[in-house]
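Scroll down for the structure; my scribbles are underneath it.
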Amino acid sequence: KAGVTQTPRYLIKTRGQQVTLSCSPISGHRSVSWYQQTPGQGLQFLFEYFSETQRNKGNFPGRFSGRQFSNSRSEMNVSTLELGDSALYLCASRATSGNTEAFFGQGTRLTVV
Amino acid sequence: TQLLEQSPQFLSIQEGENLTVYCNSSSVFSSLQWYRQEPGEGPVLLVTVVTGGEVKKLKRLTFQFGDARKDSSLHITAAQPGDTGLYLCAGLTSEGGKLIFGQGTELSVKP
């Protein structure tokens, strides 16, 4: 059974640009959550999608948005990139929204210059 | 706001030593998970503890969930260089699938 797949693995963008990251969850999993990981703040919750609906949102500005498709694949978009958005963005797959076990992808390393 | 405080933040030990990592909160979590993360990779789930007082063992790793489900510990016996990595505790909140993470413990085991 394939794991969680995130693409791309690495990305370099310029300030002011926008970026879209993709996550394909484990087959059969319907919940996808996104996290931002930085050395200073650790892992912080961005949002969770379940059955194409956003169920939870963390304390991030509106520049961070996401969506989920009918096949459970999810995308995360960051507009008007800032230097501080440089981070490892991780996607977590869960069978259902209330299921305890979350499985993470390898992440997308975003560098904003 | 639910917070998880993890300690110590850094740990450098010699192969064969024992160690304990702590994860504490003033909030109750429905479950608590421990992950291990290597540089440039995503966290890998080690264990989930659900019941207060629960103890789980994974080879040389022992995980404990506090009776009140507010704290947890990870004990490693006879650490090996392969145990090197970032250990993260994460609590599942009542808000569906939202996980609250501790800051992590960076463990280095020297041969």
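The values are calculated or read from the model by the stated rules, or taken from the named source; none is laboratory data. Note that the structure is predicted; figures quoted are calculated from it, not measured. Backbone-built Cβ (ideal geometry, glycine too); neighbour counts: all protein chains shown.
Given the structure, is A:THR38 out of contact with any Leu (no Cβ under 6 Å at 6 or more places or on another chain), over 29 Å from B:GLU5 (Cβ atoms) and more than 8 Å from every other protein chain (Cβ to nearest Cβ)? Please lay out each step first, then the result.
Details: out of contact with any Leu (no Cβ under 6 Å at 6 or more places or on another chain): yes; over 29 Å from B:GLU5 (Cβ atoms): no; more than 8 Å from every other protein chain (Cβ to nearest Cβ): yes.
When the stated conditions are applied, A:THR38 does not pass them.
With the condition kept exactly as written, say whether any residue in region A:66-82 is more than 19 Å from B:GLY42 (Cα to Cα) and within 10 Å of chain B (Cβ to nearest Cβ). Let's see the steps before the verdict.
Applying the first criterion (more than 19 Å from B:GLY42 (Cα to Cα)) to region A:66-82 yields A:66-72, A:77-82.
Narrowing the set further to residues that are within 10 Å of chain B (Cβ to nearest Cβ) leaves none.
No, region A:66-82 contains no residue that is more than 19 Å from B:GLY42 (Cα to Cα) and within 10 Å of chain B (Cβ to nearest Cβ).
For region B:55-103: of the residues being in a loop (DSSP other than H, G, I, E, B), in contact (Cβ under 8 Å) with a residue 24 or more places away in the chain and more than 30 Å from A:TYR49 (Cβ to Cβ), which is farthest from the other protein chains (Cβ to nearest Cβ)?
That would be B:ALA78.
Among the numbered criteria (1) out of contact with any Lys or Arg (no Cβ under 9 Å at 6 or more places or on another chain); (2) within 24 Å of A:PHE103 (Cβ to Cβ); (3) in a loop (DSSP other than H, G, I, E, B); (4) of a type in the set (Val, Ile, Thr), which single criterion is violated by B:THR1?
Evaluating B:THR1 over (1) out of contact with any Lys or Arg (no Cβ under 9 Å at 6 or more places or on another chain); (2) within 24 Å of A:PHE103 (Cβ to Cβ); (3) in a loop (DSSP other than H, G, I, E, B); (4) of a type in the set (Val, Ile, Thr) leaves (2) as the failure.
Please report, ordered by residue number, the strands (runs of 3 or more DSSP E) entirely within region A:33-101 with at least 2 residues that are at pLDDT below 95 and either surrounded by 14 or more Cβ atoms within 10 Å (Cβ to Cβ) or not β-branched (Val, Ile, Thr) (or both). Quick ask: steps written out before the conclusion?
Values: elements: A:42-50, A:53-57, A:64-68, A:74-78, A:87-94.
Passing ranges, in order: A:42-50, A:53-57, A:87-94.
Among the residues in region A:1-9, are any among the basic types (Lys, Arg), under 27 Å from B:LEU86 (Cα atoms), assigned to a loop (DSSP other than H, G, I, E, B) and without any contact (Cβ under 8 Å) to a residue 40 or more places away in the chain?
yes
Tell me the residue from B:GLU38, B:GLU106 that is within 11 Å of another protein chain (Cβ to nearest Cβ), exposed (fewer than 15 other Cβ atoms within 10 Å of the Cβ) and of a type in the set (Asp, Glu), please.
From the options B:GLU38, B:GLU106, the qualifying one is B:GLU38.
Quick check on region B:16-35: of everything there that is under 15 Å from the mean Cα position of the chain (by Cα) and at pLDDT below 90, which residue is farthest from the other protein chains (Cβ to nearest Cβ)?
Looking at the filtered set, the residue picked out is B:PHE29.
Could you please let me know if B:ARG69 is under 23 Å from A:SER31 (Cβ atoms), of a type outside the set (Gly, Ala, Ser) and modelled with pLDDT of 95 or more? If you could, list the steps in order and put the result at the bottom.
Numbers: under 23 Å from A:SER31 (Cβ atoms): yes; of a type outside the set (Gly, Ala, Ser): yes; modelled with pLDDT of 95 or more: no.
No, not satisfied.
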